[in-house]
Amino acid sequence: MARELAAACVVAALVALCAAALGVAAQPHAPRPLPSNYQMITPGKYKRDQQTACDDPKDKKAKCMAKCDKRCPNQCIVLCPGCKTFCSTSLTYYTQSSLTLLALIFTTKKTFAFCFQVCDFYPGVSCGDPRFTGGDGNNFYFHGKKDQDFCILSDANLHINAHFIGKRNPAMSRDFTWIQALGIRFGAGADDQDHRLYMGAQKTAKWSNDVDRLELAFDGAPVSIPAETGAAWEPAAVPGLTVTRTAAANGVRVQLRGVFDIVANVVPISEEDSRVHNYSVTEDDSLAHFDLGFKFFDLTDDVHGVLGQTYRADYVNQLSVSSKMPVMGGAPNYVSSDIFATDCAVARFGARRAGISMVTAQAS
């Protein structure tokens, strides 16, 4: 089952399929039932309503117990056996602001119209107050700092920076942060020429799923794509680069043949998220940001960056993977001077070598 699930979760196709299902979601039809090995927990006020048991008939072990974690206290899905939980919302109640990086559950018999967040198990995904799943499959947070740029991935011919926006909570020693934009450089060769792609979530006061807040630019020129699902743009200068809308507004898939496949959705911080996590979102800024899915091809063994290092064969993860909130530290190593700069301490772009240790720093 685990292999079938992994094969089903091809991020780009999943986002497009779930986005197409939104039209169905708005209609007053009941959602299809979950597969038999998935269970929904909707906690009530009694303890018996707050957890469920999973049993594997193939072994003689005791049943495991599963319950929703604090990120989704009102509803979650449990995958049995194993008691793996996922934050979830059925399509009937689905909104782009609550879940954006999605997966459809496929079986050999039929497709279930049910979507759930894939941040916790699909390598290369980043959601929310940035929570990453590394190339090694482990989850971690990287808080960075608001209004700064950080090197997410740096390799000989590919460099990706992320611009962080944030909100300061006086009760905390750090900012709440989210990824607001990506600056992607690629194609550096012997002549040192490269291309630059910008993807940004525009600052938005009052959020509407139907209003496009996605900003794109290529080599400094704005990119305009018709507001319809499947509409695409391809620059003459780089035939292998394609930008395709996965929804009429706020969803896009960016592919560079043989290099990367990136899915990005612009989402706000909802009132519910703000209440649960004490984000203190105000009426003048919905903190529009990206939820992202990355897939990389042909990375070198010297790749680095917050996410990039986790794809190395010699990567050593010293974070506490059993922690509810493992946090990657070492932020100064990843700071870039601007969205397209390749001057972070671990930069590899253009075959640079920073020569620093591969041991992951823990946040202090």
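The values are calculated or read from the model by the stated rules, or taken from the named source; none is laboratory data. These numbers come from a predicted model, not from an experiment. Every residue, glycine as well, gets a Cβ built from its backbone with ideal geometry; the counts of neighbours run over all protein chains shown.
If you go through the stretch 271-319 and pick out every residue that is touching a helix residue (DSSP H, G or I) at 6+ places or on another chain (Cβ under 8 Å) and assigned to a loop (DSSP other than H, G, I, E, B), you end up with 9. Residue-level check: of (1) in contact (Cβ under 8 Å) with a residue 40 or more places away in the chain; (2) assigned to a loop (DSSP other than H, G, I, E, B), SER323 misses just (1). Taking the stretch 60-91 on its own, how many of its residues are closer than 11 Å to ILE41 by Cβ, in a loop (DSSP other than H, G, I, E, B) and modelled with pLDDT of 75 or more? Count: 2. Among the numbered criteria (1) surrounded by fewer than 19 Cβ atoms within 10 Å (Cβ to Cβ); (2) touching a residue at least 12 places away in the same chain (Cβ under 8 Å); (3) more than 22 Å from PHE150 (Cβ to Cβ), which one does SER286 miss? Checking SER286 against (1) surrounded by fewer than 19 Cβ atoms within 10 Å (Cβ to Cβ); (2) touching a residue at least 12 places away in the same chain (Cβ under 8 Å); (3) more than 22 Å from PHE150 (Cβ to Cβ), the one that fails is (1).
Just checking, which of ALA231, ALA181, ALA190, ALA247 is in contact with a His (Cβ under 7 Å, 6 or more places away or on another chain) and either modelled with pLDDT under 95 or on the phi < 0 side of the Ramachandran plot (or both)? Quick ask: steps written out before the conclusion?
Numbers: ALA231 fails: in contact with a His (Cβ under 7 Å, 6 or more places away or on another chain); ALA190 fails: in contact with a His (Cβ under 7 Å, 6 or more places away or on another chain); ALA247 fails: in contact with a His (Cβ under 7 Å, 6 or more places away or on another chain).
The conditions single out ALA181.
Looking only at residues of the stretch 152-168 that are over 14 Å from SER126 (Cα atoms) and of a type in the set (A, V, I, L, M, F, W, C), we find that the one that is surrounded by the most Cβ atoms within 10 Å (Cβ to Cβ) is LEU158. Applying the condition of being within 16 Å of VAL281 (Cα to Cα) and among the aromatic types (Phe, Trp, Tyr) to the stretch 169-227 and asking which residue is surrounded by the fewest Cβ atoms within 10 Å (Cβ to Cβ) yields TRP207.
Within the stretch 176-188, can one find any residue that is of a type outside the set (Val, Ile, Thr), under 23 Å from the mean Cα position of the chain (by Cα) and more than 19 Å from ALA341 (Cα to Cα)? Taking every residue of the stretch 176-188 in turn, at least one turns out to be of a type outside the set (Val, Ile, Thr), under 23 Å from the mean Cα position of the chain (by Cα) and more than 19 Å from ALA341 (Cα to Cα).
When the stretch 303-326 is filtered for residues that are surrounded by fewer than 14 Cβ atoms within 10 Å (Cβ to Cβ) and out of contact with any strand residue (DSSP E or B) (no Cβ under 7 Å at 6 or more places or on another chain), the ones remaining, listed by number, are ALA313, ASP314, SER320, VAL321, SER322, SER323, LYS324. Filtering the stretch 136-178 to residues that are modelled with pLDDT under 95, aromatic (Phe, Trp, Tyr) and part of a strand (DSSP E or B) leaves PHE140, TYR141, PHE176, TRP178.
This table checks each residue for (1) surrounded by fewer than 19 Cβ atoms within 10 Å (Cβ to Cβ); (2) over 21 Å from VAL125 (Cβ atoms).
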site: TRP233; (1), (2): yes, yes
site: ARG245; (1), (2): no, no
site: ASN250; (1), (2): no, no
site: ALA264; (1), (2): no, no
site: PRO268; (1), (2): no, no
site: SER274; (1), (2): yes, yes
site: HIS277; (1), (2): yes, no
site: LEU292; (1), (2): no, no
site: ASP301; (1), (2): yes, yes
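PRO332 falls short on exactly one of the conditions (1) farther than 30 Å from GLY251 by Cβ; (2) in contact (Cβ under 8 Å) with a residue 24 or more places away in the chain; (3) not in a loop (DSSP other than H, G, I, E, B), and that condition is (2).
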